[in-house]
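Worksheet: the structure to be examined is printed underneath.
The values are calculated or read from the model by the stated rules, or taken from the named source; none is laboratory data. These figures come from a predicted structure and were not determined experimentally. Quick reminder, even Gly has a Cβ in these numbers, built from the backbone with ideal geometry, and neighbours come from all protein chains shown. Accessible surface is based on the protein model in full, side chains and every heavy atom, while ligands, DNA and RNA are left aside. Shrake-Rupley method; radii C 1.70, N 1.55, O 1.52, S 1.80 Å.
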Amino acid sequence: MNLGEFGFIEDLHKQFAINNPNEIGIGDDCAVFPKDDKNSYLVSSDLLCEDVHFSFNYTTWEDLGWKSIAVNLSDIAAMGAKAKYILISLAIPKNYFQSKGLNEFYKGVETICNKYNVSLMGGDTSASLKQLFISITVIGISKSNKILFRSGAKPGDFIYTTGYLGDSSYGLNLLINETENKNKDYFLNKHLKPIPRLIEMDYLKKTFNISSAIDLSDGLANDLHHIIKQSKVGADILWEQIPISEELKLNTKQSEIDYFTFRGGEDYEILFTSADKIPDTALKDFRTQLSCIGTINSNLGIVNLNQDNQHIQLKPEGFDHFRKE
Ligand code: ADP
Ligand code: MG
């Protein structure tokens, strides 16, 4: 039976269950283990494969360097931690050594590391037969009692997301189909240079009581289900409140908007819950949108999407590497 990526991970979670209450293993955005009495390390790794996650038909080496780190920092932001260190492992086809590409890749890495005050501490280099493989590990630190998990949402909590959803996957769609569009640069930038929401989460965590969080890498429908499943709750979402950029509204039909916002991946925005009523303007100093998109209820495992007084059940369908088409 094909369980898909999420079924596979769920099985691993059961097989390698961790019994120490201070350690968190498989199942959240980062693994967690104690640093000292009060603080914990958070560790996450992501693998990017050429022609699966990126293609040199449309990305520059420098943007690839930025994005490889950004997607890892996003997992640290999702857990409300401070990113500190990264390790980079590369499997490189021989002919790529002859180009200036690798220097440019590390220029992109350097830019984002400087911006977020993260240090490159090591990694590994190997040859690859054909494609480039990039494996990044990121290490962060947080006060142990302030870490945000996927499992903390409670009935009555509000559901929030940073930023606009769907722009990144629409950008990928433009790249793959080589479609022209007057806002093309806007969409391509959203796809090729995502912003990890570290600064925003640091502020939100200090200012409000956040009960759970996840970063949106696999689409809102999938990632919201991770929160409700792990928190043993349900959710009501209001379609009208989903943050959709003017650019996306201008360029797409409603059905396409639904597809890109609910199922498209790689937004790298943070979806989180809080009992606090947080104003939409809370992140204006960072020029980041904040939207309250619904509420948590006790309707176990179910997400209701409400639009024009109609309710439909939003299924956990979004990006899954091993889904059968
Ligand atoms: P994210 O999208 O936030 O990067 P993933 O969906 O990749 O998260 O992973 C979810 C959880 O499963 C994480 O805790 C991750 O460490 C774990 N995981 C993913 N793949 C594997 C694997 N092959 N072996 C062990 N754990 C894994
Ligand atoms: Mg994540």
Query raised in the report: For residue 31, are the conditions met, namely being within 15 Å of ligand 2 (Cβ to nearest atom), modelled with pLDDT of 95 or more, closer than 30 Å to residue 153 by Cα and open to solvent by 20 Å² or more (accessible area, probe 1.4 Å)?
Result: yes
Query - Residue that is farthest from residue 143 (Cα to Cα), among those in segment 38-88 that are assigned to a helix (DSSP H, G or I) and hydroxyl-bearing (Ser, Thr, Tyr) - result: 68
**Report entry** Inter-residue pairs, beta-carbon under 9 Å, first closer than 14 Å to residue 230 by Cβ and of a type in the set (Val, Ile, Thr) and in segment 1-14, second open to solvent by less than 60 Å² (accessible area, probe 1.4 Å) and modelled with pLDDT under 90, 6+ apart
**Finding:** 9/27
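Of everything in segment 176-203, what is within 16 Å of ligand 1 (Cβ to nearest atom), outside any helix (DSSP H, G or I) and open to solvent by 10 Å² or more (accessible area, probe 1.4 Å)? Give them in sequence order. Talk me through it step by step, then tell me what you get.
Kept after step one, since they are within 16 Å of ligand 1 (Cβ to nearest atom), are these residues of segment 176-203: 194, 196-198, 201.
In the following step, the residues that additionally are outside any helix (DSSP H, G or I) were identified as 194, 196-197.
Selection gives 197 alone.
What are the residues in segment 226-250 that are open to solvent by 20 Å² or more (accessible area, probe 1.4 Å) and within 16 Å of ligand 1 (Cβ to nearest atom), if any? Steps first, please.
The first filter runs over segment 226-250 and keeps only residues open to solvent by 20 Å² or more (accessible area, probe 1.4 Å), leaving 226, 229-230, 232, 236, 238-241, 246-247, 249-250.
Correct list: 226, 229, 230.
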Query raised in the report: For residue 135, all conditions in the list (1) within 16 Å of ligand 2 (Cβ to nearest atom); (2) open to solvent by less than 10 Å² (accessible area, probe 1.4 Å) hold save one; what is the number of the exception?
Result: (2)
Requested in this report: Please give the number of the condition residue 253 fails out of (1) closer than 11 Å to residue 220 by Cα; (2) more than 19 Å from the chain's Cα centre (by Cα); (3) surrounded by fewer than 16 Cβ atoms within 10 Å (Cβ to Cβ).
Outcome: (1)
Query raised in the report: Which of the residues belonging to segment 44-102 are closer than 30 Å to residue 209 by Cβ, open to solvent by less than 20 Å² (accessible area, probe 1.4 Å) and within 12 Å of ligand 1 (Cβ to nearest atom)?
Result: 44, 71, 72, 73, 74, 75, 76, 77, 78, 79
Report task. With the checklist (1) open to solvent by less than 80 Å² (accessible area, probe 1.4 Å); (2) more than 16 Å from ligand 1 (Cβ to nearest atom); (3) within 26 Å of residue 195 (Cα to Cα); (4) part of a helix (DSSP H, G or I) in hand, flag the one item residue 110 doesn't pass. Result -> (1)
Report task. State all residues of segment 247-283 that are in a helix (DSSP H, G or I) and aliphatic (A, V, I, L, M); if no residue qualifies, say none. Result -> 248, 250, 257, 282, 283
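Would you tally the residues in segment 266-279 being open to solvent by 10 Å² or more (accessible area, probe 1.4 Å) and within 19 Å of residue 78 (Cα to Cα)? Show your work before the answer.
First, the residues of segment 266-279 that are open to solvent by 10 Å² or more (accessible area, probe 1.4 Å): 266-268, 275-277, 279.
The next check asks that each one be within 19 Å of residue 78 (Cα to Cα); those that pass are 266-268, 275-276.
Here the count works out to 5.
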Query raised in the report: So which residues in segment 197-215 are within 16 Å of ligand 2 (Cβ to nearest atom) and touching a Gly at 6+ places or on another chain (Cβ under 8 Å)?
Result: 197, 201, 210, 212, 213
Report summary line: Filtering segment 287-300 down to residues that are over 27 Å from residue 229 (Cα atoms) and surrounded by 14 or more Cβ atoms within 10 Å (Cβ to Cβ) yields 288
Query raised in the report: In segment 6-28, which residues are surrounded by fewer than 15 Cβ atoms within 10 Å (Cβ to Cβ) and in a helix (DSSP H, G or I)?
Result: 7, 8, 9, 11, 12, 13, 14, 15
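Could you pull out the residue among 154, 206, 130 that is modelled with pLDDT of 95 or more, among the basic types (Lys, Arg) and part of a loop (DSSP other than H, G, I, E, B)?
Working: 206 fails: part of a loop (DSSP other than H, G, I, E, B); 130 fails: modelled with pLDDT of 95 or more.
Just a single option satisfies the conditions, and that option is 154.
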**Report entry** Residue count for segment 157-175, restricted to those that are buried (at least 23 other Cβ atoms within 10 Å of the Cβ) and in a loop (DSSP other than H, G, I, E, B)
**Finding:** 4
Report summary line: For segment 34-43 the number of residues that are open to solvent by less than 30 Å² (accessible area, probe 1.4 Å) and polar (S, T, N, Q) is 1
